[in-house]
Amino acid sequence: MNVGPNACYLDQQREVPMALELRKLSHALGAEVCNVDVSKVSEALFGEIYHAFLQHGILLFRDQNITREQHIEFSRHFGELDRHDALPRDRHPEHPEILLVTNEPKLDGSPSDSRYTGRQWHSDMSFTPVPSLGSLLRGITMPEVGGDTVFANMTLAYETLSDGMKALIADLHGIHLSGTRKIANDDSGVTRATEQKRLNPPIAQPVVRVHPETGRKALYLGDKVKRFDRLTEEESKPLIKYLNEHATRFEFIYRHHWRANDIIAWDNRCTMHLALGDFDETQRRHMERTTVLGTPSGYVV
Ligand code: SIN
């Protein structure tokens with residue numbers, strides 16, 4: 001279907017009682033779901049939303065001025081929610097299903113633990129034995145400009161590799177580490193990283209994952225992977241670098257400029273993402289995320 005960049009279109013290719021209005025976000029992935037209030041979603045409508053989620057990898061819902069409870073309730077349509085035991089410092093004190101991604105200082109005035117969340121290419125919870133199915137991030141307070149998030153289509157990344165490369169990586173496992181992201185250069189940052197590593201021992205995940213619902217293969221890598229299982233870091237590095245650079249080529253990504261009250265739902269099984277940090281850090285950026293549990297994957301090394 002050929003639609004203009006700003007036009008919503010009816011997904012009329014499907015014979016369904018309720019057609020969603022969608023607007024493509026980029027050539028590679030993503031669609032905006034128009035005219036849906038996520039606090040009023042019936043099971044039938046959710047069926048359509050989930051179909052679009054599987055098809056587009058990420059879905060954007062604009063103008064969702066909702067409460068935390070409504071965020072959680074909408075997220076539960078996607079599946080059971082993570083209570084973020086792997087990231088205890090970052091969860092909301094009263095709502096463990098909500099992960100804070102914020103540079104708002106703590107009550108005692110010290111810097112937020114989660115101000116650098118997502119500053120490397122990753123797929124959520126890949127460093128756990130039950131990596132996430134998907135996440136729903138809500139933009140609450142955004143800086144004047146920037147604070148963008150970039151998403152990459154890992155199915156496309158896999159499918160555009162040569163047959164030789166596909167054969168080479170078919171049986172490889174990447175070791176996903178927790179606590180690798182940019183940290184504050186002070187004791188709090190070091191303590192946090194140490195705690196993260198203690199809670200989450202390294203997990204080897206297949207480099208090529210088969211999506212449990214679409215059956216399509218996708219690359220599963222990112223900056224948390226420093227080596228392949230049974231290979232040294234030195235041996236692994238060039239291939240990891242090549243695959244990550246290939247996956248994040250301009251033609252495979254979508255860059256989102258947030259507005260307050262945007263919600264993006266993404267499929268962690270076939271996309272990865274990066275919080276850019278392209279903003280004035282004296283300004284507030286406050287986001288809240290729910291994380292949907294996926295299926296068990298990988299093994300502890
Ligand atoms: C995340 O990685 O979940 C957060 C991404 C962002 O803050 O843009």
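Quick look at the numbers
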quantity	calculated
From 235, 288, residue being of a type outside the set (S, T, N, Q) and more than 16 Å from the ligand (Cβ to nearest atom)	235
Selection within region 241-277 - open to solvent by 50 Å² or more (accessible area, probe 1.4 Å) and farther than 27 Å from residue 75 by Cβ	241, 242, 245, 249, 250, 251
Selection from region 247-263 of residues that are under 18 Å from the mean Cα position of the chain (by Cα) and more than 14 Å from the ligand (Cβ to nearest atom)	247, 248, 249, 250, 252, 261
Subset of region 207-240 that is in a loop (DSSP other than H, G, I, E, B), among the acidic types (Asp, Glu) and over 15 Å from residue 121 (Cβ atoms) - its residue that is least open to solvent (accessible area, probe 1.4 Å)	229
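For (1) surrounded by 16 or more Cβ atoms within 10 Å (Cβ to Cβ); (2) in contact with a Leu (Cβ under 8 Å, 6 or more places away or on another chain), each residue gets a yes or a no:
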site: 76; (1), (2): no, no
site: 84; (1), (2): yes, yes
site: 88; (1), (2): no, yes
site: 107; (1), (2): no, no
site: 112; (1), (2): yes, yes
site: 122; (1), (2): yes, yes
site: 131; (1), (2): yes, no
site: 135; (1), (2): yes, no
site: 145; (1), (2): no, no
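Condition check ((1) away from the ligand (no atom under 16 Å from the Cβ); (2) assigned to a loop (DSSP other than H, G, I, E, B)) across all residues:
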site: 70; (1), (2): yes, no
site: 89; (1), (2): no, no
site: 94; (1), (2): yes, yes
site: 112; (1), (2): no, yes
site: 135; (1), (2): no, no
site: 140; (1), (2): no, no
site: 147; (1), (2): no, yes
site: 152; (1), (2): no, no
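Here's the yes/no breakdown for (1) without any contact (Cβ under 8 Å) to a residue 60 or more places away in the chain; (2) of a type in the set (A, V, I, L, M):
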site	(1), (2)
69	yes, no
74	no, no
82	no, no
86	no, yes
90	yes, no
97	no, no
112	yes, no
128	no, no
141	no, no
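The values are calculated or read from the model by the stated rules, or taken from the named source; none is laboratory data. Predicted, not measured: the structure shown is a model, and the values here were computed from it. Neighbour counts run over all protein chains shown; Cβ positions are idealised from the backbone, glycine included. Heads up: the accessible areas ignore ligands, DNA and RNA and are worked out on the full protein's heavy atoms, side chains in. Shrake-Rupley method; radii C 1.70, N 1.55, O 1.52, S 1.80 Å.
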